[in-house]
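**Student:** Following this message is one structure expressed as structure tokens.
The values are calculated or read from the model by the stated rules, or taken from the named source; none is laboratory data. This is a predicted model, so every value here is computed, not measured. Ideal geometry is used to build each Cβ from the backbone, glycine not excepted, and the neighbour counts take in all protein chains shown.
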Amino acid sequence: MKIILSVLTVLFLVSCSSTRIVDTWTNQEHLNYKPKKVLIVGVTENLTARRLFESKLKDEFTARGINAVESYNVFKPTFTNAKQTEEEIDEEVKRVSNNGFDSVLISAVKGVDEKVTYSGDAYRTNYYWRRFGRYYYLYQDVYFDRGYYEKYNVYHIEASLYNLKENNDKSLVWVASYDIVDPNTINTTINDYVNAIIKSLEKENIISNK
């Protein structure tokens, strides 16, 4: 659980766009692992987004017969309001485990890429336009039209599930990476992302279908 130290920010991004899975991995030593009481952790200064994410994921777990609790109802306010030492984090994890939690699910932003898309006419492949003049005429708007190219962001997200009963390097049960393209609205993004997490966990047979 010391890996929690490296989690600086969590997905509480916004999107009306797409969430797609990039990669997934399941620990072969935990193939039969079934979480019974899951702590859902969100690390963000945006309290509203944190609550939305954790509550949505809690509802999905509850619908599948799994006891899940939002971290804002478990962590002490001082734990999230100030930077913690490694020893303080270990003590909080121990307290959580002693309260019956056997799992924790954390989601973190791993990086953001800025992409550019061409907003003009469709890409042309009819190469019979071989004259320079004709070619230049067709593409010269790039110099004058500020909307010729449009920028958007792709957020690279990672979700991880840990076994709290094994506080060692083998405690990671499952991890998956996702890309969220061009986020815009908070509710849509959180819903799409949580649904993607749930589908991944169902596919790996870590949780059951509804």
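**Student:** All but one of (1) in a loop (DSSP other than H, G, I, E, B); (2) surrounded by 10 or more Cβ atoms within 10 Å (Cβ to Cβ); (3) modelled with pLDDT of 65 or more; (4) out of contact with any strand residue (DSSP E or B) (no Cβ under 8 Å at 6 or more places or on another chain) hold for Lys83, so report the exception by its number.
**Tutor:** Status for Lys83: all satisfied but (2).
**Student:** Test Ala159 against the criterion of being in a strand (DSSP E or B), among the small types (Gly, Ala, Ser) and under 18 Å from Ser55 (Cα atoms), and give yes or no. Spell out how you get there, then give the answer.
**Tutor:** On the way: in a strand (DSSP E or B): yes; among the small types (Gly, Ala, Ser): yes; under 18 Å from Ser55 (Cα atoms): yes.
Judged against the criteria, Ala159 is a match.
**Student:** Right, another one. Considering only residues of region 156-180 that are loosely packed, with under 14 Cβ neighbours inside 10 Å and in contact (Cβ under 8 Å) with a residue 40 or more places away in the chain, which is nearest to Leu31 (Cα to Cα)?
**Tutor:** Let us first name the residues in region 156-180 that are loosely packed, with under 14 Cβ neighbours inside 10 Å, namely 165, 168-170.
From what's left, in contact (Cβ under 8 Å) with a residue 40 or more places away in the chain: 165, 170.
Values: Lys165: 15, Lys170: 13 Å.
This residue is Lys170.
**Student:** Let me ask you something else. Can you tell me which residue in region 146-156 is modelled with the lowest pLDDT, limited to those that are in a strand (DSSP E or B) and among the charged types (D, E, K, R)?
**Tutor:** Applying the first criterion (in a strand (DSSP E or B)) to region 146-156 yields 149-156.
Within this subset, residues satisfying the condition of being among the charged types (D, E, K, R) are 150-151.
Working: Glu150: 74, Lys151: 77.
This residue is Glu150.
**Student:** Quick check on my filter: what residues within region 49-68 are under 15 Å from Lys36 (Cβ atoms) and without any contact (Cβ under 8 Å) to a residue 12 or more places away in the chain?
**Tutor:** Scanning region 49-68 gives a single hit, Thr62.
**Student:** Same structure, new question: Which condition does Arg50 not pass, out of (1) modelled with pLDDT of 90 or more; (2) of a type in the set (Lys, Arg); (3) surrounded by 15 or more Cβ atoms within 10 Å (Cβ to Cβ), if it passes all the others?
**Tutor:** It is condition (1) that Arg50 fails.
**Student:** Counting just the residues of region 181-196 that are among the aliphatic types (A, V, I, L, M) and at pLDDT below 85, which one comes out surrounded by the fewest Cβ atoms within 10 Å (Cβ to Cβ)?
**Tutor:** Keep residues of region 181-196 that are among the aliphatic types (A, V, I, L, M), which gives 181, 186, 190, 194, 196.
Next, only the ones that are at pLDDT below 85 stay: 181, 186.
Details: Val181: 14, Ile186: 18.
So the residue we want is Val181.
**Student:** Given the conditions (1) farther than 17 Å from Leu164 by Cβ; (2) outside any helix (DSSP H, G or I); (3) in contact with a helix residue (DSSP H, G or I) (Cβ under 8 Å, 6 or more places away or on another chain), and given that Tyr72 satisfies all but one, which numbered condition is not satisfied?
**Tutor:** (2)
**Student:** Kindly indicate which of Val173, Val104 is assigned to a strand (DSSP E or B), farther than 16 Å from Ile21 by Cα, touching a His at 6+ places or on another chain (Cβ under 7 Å) and at pLDDT 75 or above. Show your work before the answer.
**Tutor:** Values: Val104 fails: touching a His at 6+ places or on another chain (Cβ under 7 Å).
Only one candidate qualifies: Val173.
**Student:** Something else about it: Limited to region 23-41, what total is found for residues that are at pLDDT below 90 and either in a strand (DSSP E or B) or closer than 15 Å to Ile207 by Cα (or both)?
**Tutor:** So the answer is 4.
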